[in-house]
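Heads up: the structure comes next, in structure tokens.
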Amino acid sequence: MAEPRDETRTRYDEVAQLYYETFKDTLREHPFDRAMIDAFAERVKEGGARPVADIGCGPGHITGYLHALGLDAQGIDLSPEMIALARREHPGIAFSLGDMSALDLPDGGLGGVLSRASIIHTPPERIGPVFAEFHRVLAPGGFLSLSFQASDRTDRLAWPFDHRVAPAWQWSYDRVADLLRDTGFAEVARLVGAPEEDPVRGFHFCHLVMRKPGAENP
Ligand SMILES: C[S@@+](CC[C@H](N)C(=O)[O-])C[C@H]1O[C@@H](n2cnc3c(N)ncnc32)[C@H](O)[C@@H]1O
């Protein structure tokens with residue numbers, strides 16, 4: 001049986017161009033997403049000039065948005081086709097291949113990590129190392145912006161769902177926040193979109209902003 005990660009990589013390679021064309025204007029169409037990303041970017045900037053990584057960046061449209069907001073943004077993704085597309089569409093921005101569970105980044109170098117709709121492809125039993133990596137690469141005081149298809153249930157951590165591209169899970173937002181706290185993050189803010197905001201599946205979409213405590217922000 002194929003590794004879920006290999007299947008995810010192959011499937012996103014196959015749909016990269018279509019994904020880009022479908023979602024390149026997504027932030028214009030989703031004002032709540034935009035508001036949370038704007039607030040995250042503002043907080044990161046207040047913390048200094050440290051770089052930001054968009055992890056599971058796909059074709060780089062959110063990375064491009066962070067760059068336009070004045071952040072030193074880079075994108076990382078599992079899919080070579082997504083990375084090629086991102087480089088083509090955003091020639092001034094650094095994009096690299098990588099896996100969110102083993103990032104090729106030094107400890108404590110980033111002011112912000114953003115990961116939008118990308119942890120959904122990680123099997124729940126493998127999410128711990130991903131959150132540990134997000135924590136490791138952030139500087140003390142750095143911010144994590146994490147968003148994902150979500151549920152208000154708490155009886156499980158995640159439920160598989162029929163994603164059109166790759167194996168995917170809908171996550172209990174309370175339990176994800178608990179796990180992130182267990183990893184060492186403090187919660188700063190959350191926004192939970194109503195199911196009616198998702199006309200396709202009727203899922204909640206949750207944005208969590210977390211902070212790695214620092215000397216000046218214990
Ligand atoms: C639904 S798309 C989201 C893309 C973009 N963040 C957005 O908001 O439109 C999910 C992306 O996550 C990437 N991805 C999935 N698992 C990953 C992993 N373990 N490491 C890095 N990227 C991953 C996929 O290749 C895909 O480009």
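What the table shows:
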quantity	calculated
Relative packing of 177-185, 23-31, 144-152, which averages over residues the other C-beta atoms within 10 Å, highest first	144-152, 177-185, 23-31
Per-residue HN-Hα couplings for the stretch 50-56 [Karplus 6.51, -1.76, 1.60; θ = phi - 60°; Hz; x = Gly/Pro]	6, x, 10, 10, 9, 9, x
Extension gain from Ala35 to Glu196, taking 0.36 nm per residue of separation minus the Cα-Cα distance	56.1 nm
Amide proton proximity set for Phe161, modelled H, under 5 Å, gap of 5+	Ala168, Trp169, Gln170
Measure of compaction for the chain (Cα Rg per 2.2 N^0.38 Å)	0.94
Highest to lowest packing among 57-67, 34-44, 124-134, 189-199, scored as the average C-beta count within 10 Å	57-67, 34-44, 124-134, 189-199
Cut-off under 5 Å, modelled amide H: who pairs with Gly109 long-range	Ala139
Other-chain or far-sequence residues with amide H under 5 Å of Ser151's (modelled H)	Trp171, Ser172, Tyr173
Virtual spin-label span in nm between Ala186 and Asp6, 7 Å along Cα→Cβ	4.4 nm
Arg28 versus Arg126: modelled label distance in nm, points set 7 Å from Cα along the beta carbon direction	3.6 nm
Relative contact order (%) - the chain, alpha-carbon pairs under 8 angstrom, separation at least six	19 percent
Karplus (6.51, -1.76, 1.60) ³J(HN,Hα), θ = phi - 60°, over the stretch 184-200, in Hz, Gly and Pro reported as x	x, 8, 10, 7, 9, 6, 9, 10, 10, x, 5, x, 5, 6, 10, x, 7
3J(HN,Hα) from dihedral phi, the stretch 158-173, Karplus parametrisation 6.51/-1.76/1.60, rounded to Hz, x for glycine, proline	7, 10, x, 9, 7, 7, 6, 9, 8, x, 8, 10, 9, 10, 5, 5
Between the stretch 91-127 and the stretch 35-76, the Cα center-to-center distance that results, in Å	13 Å
Cα-centred dipole magnitude for the chain, charges only on beta-carbon of K, R (+1) and D, E (-1), debye, nearest 20	280 debye
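Taken together, the values in this text are just the output of simple stated rules run on the coordinates, not laboratory data. Just so you know, these numbers come straight off a predicted model, no measurement behind them. With ideal geometry, Cβ positions are generated from the backbone for all residues, glycine too; neighbour counts draw on all protein chains shown.
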